[in-house]
1. Under a point-charge model restricted to the Cβ atoms of Lys and Arg (+1) and Asp and Glu (-1), what is the dipole moment magnitude of the stretch 286-364 relative to its Cα centre, in debye to the nearest 20?
2. Report in % the part of the accessible area of the chain that belongs to carbon and sulfur, leaving out ligands and nucleic acids; probe 1.4 Å.
3. Can you tell me the relative contact order of the stretch 167-213? Whole percent, Cα pairs under 8 Å, sequence separation 6 or more.
4. Taking the radius of gyration and the Kirkwood hydrodynamic radius from Cα positions alone, what is the Rg/Rh ratio for the stretch 292-373, to two decimal places?
5. For the stretch 15-99, which GluC sites (Glu not before Pro) are both in a DSSP coil and crowded by at most 15 other Cβ atoms within 10 Å?
6. Heavy-atom accessible area per residue, the stretch 350-395, 1.4 Å probe: how many Å²?
7. I want the antiparallel fraction of DSSP beta bridges within the chain, as a percent rounded to 5.
8. Using helices alone, I'd like the mean residue ellipticity at 222 nm for the chain: each DSSP H run of four-plus residues gives -39500 (n - 2.57), total over residue count, nearest 500.
Amino acid sequence: MNINLKINGQPVSVAPGSTILEAAEKLEIKIPTLCHFKMDCFHVDHRSASCRICVVEVKGRPNLAPACSTPAAEGMEVHTNTLRAINARRTILDLLLSDHPKDCLICPKNLNCQLQALAQEMGLHHLLYKGEQSTYNKDLSSQAIARDLDKCIMCRRCETACNAIQTVGVLSGVGRGFNAVVAPAGLKPLAETECVFCGQCVQACPVGALSEIDYKYPVWRALNDPAKTVVVQTAPAVRVAIGEAFGLPPGSVSTGKMVTALRMLGFDRVFDTDFAADLTIMEEGSELLDRLNRFLAGDPDVCLPILTSCCPAWVNFFEHQFPDLLNIPSTARSPQQMFGSIAKNYWAEKMGIPREKLVVVSIMPCLAKKYECARPEFSDNGDPDVNYSLSTRELAKLVK
């Protein structure tokens, strides 16, 4: 049986278990949020109510209620934009800004920062509270994910992504009071933890506390170096995802536009990682047949089933969480690394290009690819098979 309540005098009926925020969304009444994080595809609804930006007044309740975590109740009367609620939100935002760096112009989240957008929306153009600010060392240890705890606002969205969605369990609240942040235990660098570098925490972070390590500038330098031949490989997902950065409807296939843009950027050759994926399938298929033949021959050491090794985050997950099962994934390289090896060792020779003069760039949907191409086993005398891996976001910024 549905629950009936009123928000700003408008009646609404919602399913049991719904929150005030969900009821307001049904009426198209906007309540500002910051820590709220919902991913329907993973059945995850983060309701920590840690930021309190979404507070509203509920008739008969002496204190303000966080709309994102307060269940709707029969007969409830909610007011979202009273002077008391707005003043509370502005005060909370003022306090968050007082302990936040002011380097917005060079922040990777500039113009895409929810804290910045809220400050603009609420008209906060000067600092009301000035005083001590938190200071931490930046973590660039993984070569994939940059962590700047000076910008952490304790919304804990990254913690939900890491624990509830990816089940990696690296991030949690550390410290108390003014020094509280979300980080690995003991504030360890990410490279010294069980992080798989999947990038879901970066996707969840509303500010610049977590971001991808940016390789756009090294790629620009290579593209503008006449002594270098620069080639690029693109993952299948990129040709679809890239369109959203330019206002195309989600799901739009932009293969031709993407290839044209890459050539206009200056890449000498544009390759499709699908080719290397075919090689991976052949390698994994051969390995599967070999394991099956050994199994049928009575080999007690053979491991079945076989799991793909295409995803470096998946491989990292096995290395950290299930080291006793490391013989189950295929021994084949990922498509990214297969292509890099073939480009540097076979294609370069055929084209008469010295290996050290060839720069291989990949455009990938996963930040773990950045970590993967930096692993020492995927290089020859210090020269990586894949020099730089860019995310879809980075490619969009390059094009723009």
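The values are calculated or read from the model by the stated rules, or taken from the named source; none is laboratory data. For clarity, every value in this text was computed on a predicted model and none was experimentally measured. Positions of Cβ are generated from backbone atoms using ideal geometry, with glycine treated the same way; all protein chains shown enter the neighbour counts. Quick note on the areas: whole protein, heavy atoms, side chains included, nothing else; ligands and nucleic acids left out. Shrake-Rupley method; radii C 1.70, N 1.55, O 1.52, S 1.80 Å.
1. So the magnitude is around 440 debye.
2. Of the solvent-accessible surface of the chain, carbon and sulfur hold 56 percent.
3. Working: 37 pairs, mean separation 12.7, N = 47.
It rounds to 27 percent for the stretch 167-213.
4. Ratio of gyration radius to Kirkwood radius for the stretch 292-373: 1.11.
5. Within the stretch 15-99, the qualifying GluC sites (Glu not before Pro) (loop, at most 15 other Cβ atoms within 10 Å) are Glu28, Glu74.
6. Ligands and nucleic acids excluded, the result is 39 Å² per residue.
7. Values: 22 of 39 bridges.
In the chain, DSSP labels about 55 percent of beta bridges as antiparallel.
8. That comes out to -8500 deg cm²/dmol.
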